[in-house]
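This report refers to the structure that appears directly beneath it.
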Amino acid sequence: MSSRSNILVTGSSRGLGRGVALRLAASGHSVAIHYANNRTAGEETAAACSKAAKSPEQIFPLVGGNVADAADRARLMDETINAFGRLDALVNNAGIAPRVRADITEATEDIFDEVLAVNLKGPYFLSQLAARHWLANPGQSTLTGGYKLIFVSSLSADTASINRGEYCISKAGLAMANKLWAVRLAEAGIQVLELRPGIMATDMTSGVKEKYDKLLAEGLVPQKRWGNPEDVGLAVESILGGAFPFSTGDIINIDGGFHLKRL
């Protein structure tokens, strides 16, 4: 069995997922680079990871597919395990914003269904596939503390935005998925944690940059800056390195203090 650790990061062709993949590559992990439609972006991430890697033993296979689709989920999990021989951790990062931001009085069911399928159903059932594999192959992870399952949610899990209600609901559901899987897998020694990013500089927020630049300057976030993909990557790296051995089902906020109640 290879001594390297093997991680699947969904949505790692761009954005936060790319930041996570690059950080893990730099710290010695092999990473399966997942993309939904843009294979070119996936190839770019894989090339960047290869350049950042610490060892020639690290590999960065490409796995494509829509996490909202059951057949695609099964295939990408099979391809990941076949490429690696073993999966040590799953980072559920893939997610989409609604194609149209609409007030909840005007929101449509088709967009609701699309967002919930990718952001909630996808990671919930991809985690089921990973859990089944781990439970059938106990004690084989090279990670400190064993297998790990990570959900990347959002400040929208508990912050209401009435022009993207479907997104908020999907992330709130993901927060409960974190708790459910944590309880189910704890006795098997599998750690489950939720990372909750705040206002992050990615292509998803590029269209509202001016708005948030102003809000950040006014103190919406105590640290008064944008978050970036490396912030999330550092958190994932810490978890995989065993930095939180007596925690499971917990939320780690990566939001510059946005969640703090203030007068």
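Derivation of every value follows stated rules applied to the coordinates shown; laboratory data play no part. Please read these numbers as outputs of a predicted model, since none were measured by experiment. Don't worry about glycine lacking a Cβ; one is built from the backbone with ideal geometry, like all the others, and counts go over all protein chains shown.
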Please enumerate the residues belonging to the range 34-77 that are among the basic types (Lys, Arg) and surrounded by fewer than 16 Cβ atoms within 10 Å (Cβ to Cβ). ARG39, LYS51, LYS54, ARG75
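Results for (1) within 21 Å of ALA201 (Cα to Cα); (2) without any contact (Cβ under 8 Å) to a residue 40 or more places away in the chain, shown as yes or no for each residue.
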site	(1), (2)
LEU8	no, no
GLY11	yes, no
HIS34	yes, no
ARG39	no, yes
Odd one out for ILE251, checked against (1) touching a Ser or Thr at 6+ places or on another chain (Cβ under 9 Å); (2) part of a loop (DSSP other than H, G, I, E, B); (3) not small (Gly, Ala, Ser): (2)
Looking at the range 161-181 only, could you name the residues that are within 14 Å of PRO123 (Cβ to Cβ) and charged (D, E, K, R)? LYS171, LYS179
If we keep only residues of the range 139-174 that are touching a Gly at 6+ places or on another chain (Cβ under 8 Å) and surrounded by fewer than 22 Cβ atoms within 10 Å (Cβ to Cβ), then the residue farthest from SER30 (Cα to Cα) is LEU155
With the condition kept exactly as written, say whether any residue in the range 48-66 is under 23 Å from LEU126 (Cβ atoms), free of Cβ contacts under 8 Å to residues at least 60 places away in the same chain, part of a loop (DSSP other than H, G, I, E, B) and among the aliphatic types (A, V, I, L, M). yes
For the range 242-263, pairs from a residue that is touching a residue at least 24 places away in the same chain (Cβ under 8 Å) to a residue that is assigned to a loop (DSSP other than H, G, I, E, B) and among the aliphatic types (A, V, I, L, M), with Cβ under 6 Å and 6 or more apart or across chains, are GLY256/VAL221; PHE258/VAL221
Scanning the range 78-127 residue by residue, those crowded, with 21+ Cβ neighbours inside 10 Å, more than 13 Å from GLU166 (Cβ to Cβ) and not polar (S, T, N, Q) turn out to be LEU87, ASP88, ALA89, LEU90, VAL91, ALA94, GLY122, PRO123, LEU126
Only one of these is among the small types (Gly, Ala, Ser) and within 15 Å of the chain's Cα centre (by Cα): ALA186, ALA172. Name it. ALA172
